[in-house]
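The next block holds one structure in the form of structure tokens; read it before the comments.
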Amino acid sequence: MEKYFGFKEFNTSYKKEATAGLTTFLAMAYILFVNPSVLGDAGMDKGAVFTATALAAALGTLFMGIVAKYPIALAPGMGLNAFFAYSVVLVMDIPWQTALAGVLMSGIIFIFITLFKIRETIINAIPEDLKFAAASGIGLFIAFIGLKNAGIVAPSEATLVSLGDLTQGPTLLAIFGFIITILMMIRNVRGGIFYGMVITAVVGIFAGLINKPDQIVGAIPSLAPTFGQAFSHFDQIFTIDMMVVVLTFFIVDFFDTAGTLMAVASQAGIMKDNKLPRAGKALLADSSAIAVGAILGTSSTTAYIESASGVAAGGRTGFTSVVTGGLFLLALFFSPLLVVVTPSVTAPALIIVGVLMVSVLSKIKWDRLEIAVPAFLTLIAMPLTYSIATGIALGFVMYPLTMTVKGRVKEVHPIMWVLFIVFISYFVFLVE
């Protein structure tokens, strides 16, 4: 096994890899409880989503570790789950079963373009600035949801939104959770978000704001409520509305995974001549996990940037991912803890993930108006319209126009014009 994973080449050991795998797991374990909470808002069974989340993360991560041999973990992505629940199901009024079919379709497309090695063409077609704007906009959207769930932001007839009642117990608990989590992260505590949720839940139980769980370990929740629902509604995705949904799932996960792979691989010293070895296998792991996750009953699965914490702890090979995947399987038995994961407990995690995602704003060329305008529309429209799809659509419609007026039309890739037409059709459909 040491030879298979290349321990000698990367100067690592079982101890280092196991420690790194545990570190990565703790850094991203929050998704086991946040994802059921988010998708539960869309009407999905939280127990089934918990099981689907753990299985999708375990299978995807094990594939990444054993086949691609990368110390990178996968799980249902933040942002993608928010788009699924709040934009597609709650705003667009699309049944969650149909939304799962959309995720499955995006996974099938991913597998297709991975096998035919055309991902690079699409990556190069969309300008970096729009990628950064989309990531930042999703961060703002997630943070806004977290602030709303915490009660820090509340509806207002006069101003649409306003400051909530900060004297309410659940809101005070969320504020406490946010502060304690931020303090741990500033002190570089590994798994700070996860530990923050644990501490917040414990304090909430002692304060009488959260019900105490009857048990910690229990039977694995049934997948029956969600398993295979994507197949039964697959024929409902061939509408303009759903095609835009599939395209959004595709675009967001496309660049999320590509960026994470490049960043973590560089940190681990895996990159060779600025290229990813075994890139096809790594991308196939991601693509397959999306399809499998949709069949099980969860939103898109993607590579997690939290894997960088495991690399920082010494992880260099796929054995790190094997350990992380194994821990996700073990986590299946801890579903009774779902009862303590209230909005007050998950809200701080949503806000902090949002903070982390907007960090790429500095990379956008704000001094060039033809770029700044579509980038700004992309990121600001997501929280204000409560729709990731709308933000991406506005940016992708405006970019070719501003670049053309500026006299830089030759820099606009033909694929961007195809997307321009697609999103124009999207807006026309919505108006009708």
Neighbourhood net charge (11 Å Cβ-Cβ; Lys/Arg +1, Asp/Glu -1) for Leu26:
0
Leaving ligands, DNA and RNA out of it, rank Ile182, Ile193 by accessible area with a 1.4 Å probe, largest first.
Ile182, Ile193
Using a Förster distance of 30 angstrom, determine the FRET efficiency expected from the C-beta separation of Val373 and Val202, and round it to 0.05.
0.05
Looking at Val323, Val412, Thr301, which one has the Cα that reaches farthest to the positive end of the dipole of the stretch 279-432 (charges on Cβ: Lys, Arg +1; Asp, Glu -1)?
Val412
Normalised by the number of residues in the stretch 1-118, what is the relative contact order in percent for Cα pairs under 8 Å and 6+ residues apart?
20
Only one of the listed values, (1) 19, 47, 25, 8, 0; (2) 20, 40, 23, 13, 5, 0; (3) 27, 59, 14, 0, was derived from the coordinates as P(r) over Cα pairs in 20 Å bins from 0, in percent; which label is it?
(3)
Net charge near His233, counting Lys/Arg +1 and Asp/Glu -1 over other residues with Cβ under 15 Å of its Cβ?
-3
Under a crude label model (7 Å from the Cα following the beta-carbon direction), how far is Leu183 from Leu115 in nanometres?
5.3
Linear extension gain, Arg278 paired with Val422, 0.36 nm per residue minus alpha-carbon span
48.5 nm
Computed for the chain: size of charge dipole around the Cα centre, +1 on C-beta of each Lys and Arg, -1 on C-beta of each Asp and Glu, debye to nearest 20, value 1380
Using +1 at the Cβ of each Lys and Arg and -1 at the Cβ of each Asp and Glu in the stretch 1-148, identify which of Ser37, Phe112, Met92 lies farthest towards the dipole's positive end.
Phe112
Write out the GluC sites (Glu not before Pro) in the stretch 118-212 meeting two conditions: DSSP loop, and at most 10 other Cβ atoms within 10 Å of their Cβ.
Glu157
With the 8 Å Cα cutoff and a minimum separation of six or more residues, the chain has a relative contact order in percent of 35
For the stretch 97-188, the charge dipole (Cβ of Lys, Arg +1; Cβ of Asp, Glu -1; about the Cα centre) points to a positive end, and the Cα of Asn149, Ala101, Gly164 closest to that extreme belongs to Ala101
How much length would be gained if the chain were fully extended between Ala219 and Phe333, taking 0.36 nm per residue of separation minus their Cα-Cα distance, in nm to one decimal?
40.4 nm
Specify the inter-centroid distance of the stretch 201-255 and the stretch 289-314, based on alpha-carbon positions, in whole Å.
14
Counting other Cβ atoms within 10 Å of each Cβ, which trypsin sites (Lys or Arg not before Pro) in the stretch 1-94 have at most 13 and sit in a DSSP loop?
Lys8
Among the DSSP H helices of the chain, those whose Cα atoms extend at least 27 Å along the helix axis and whose mean Kyte-Doolittle hydropathy is 1.6 or higher are 96-115
Roughly how many Å² of Arg368 are accessible to a 1.4 Å probe, to the nearest 10?
100
Which longest uninterrupted range of the chain lacks any chymotrypsin sites (Phe, Trp or Tyr not before Pro) assigned by DSSP to a loop state (not H, G, I, E or B) and surrounded by at most 11 other Cβ atoms within 10 Å?
239-432
Would you check the stretch 260-412 for Lys pairs whose C-alpha atoms are within less than 24 Å, ignoring same-chain pairs closer than 8 in sequence, and give me the count?
6
Need the full-extension length gain, Asn11 to Leu384, defined as separation in residues times 0.36 nm minus the C-alpha distance. One decimal, nm.
129.4 nm
Average Cα contact separation per residue, the stretch 355-432, under 8 Å, 6 or more apart, as relative contact order %
23
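The values are calculated or read from the model by the stated rules, or taken from the named source; none is laboratory data. Because the structure is a prediction, the values reported are computed rather than measured. For neighbour counting, all protein chains shown are included, and Cβ atoms are generated from backbone atoms with ideal geometry for every residue, glycine included. Just so you know, the surface numbers come from the protein's heavy atoms only, side chains and all, with ligands and any DNA or RNA stripped out. Shrake-Rupley method; radii C 1.70, N 1.55, O 1.52, S 1.80 Å.
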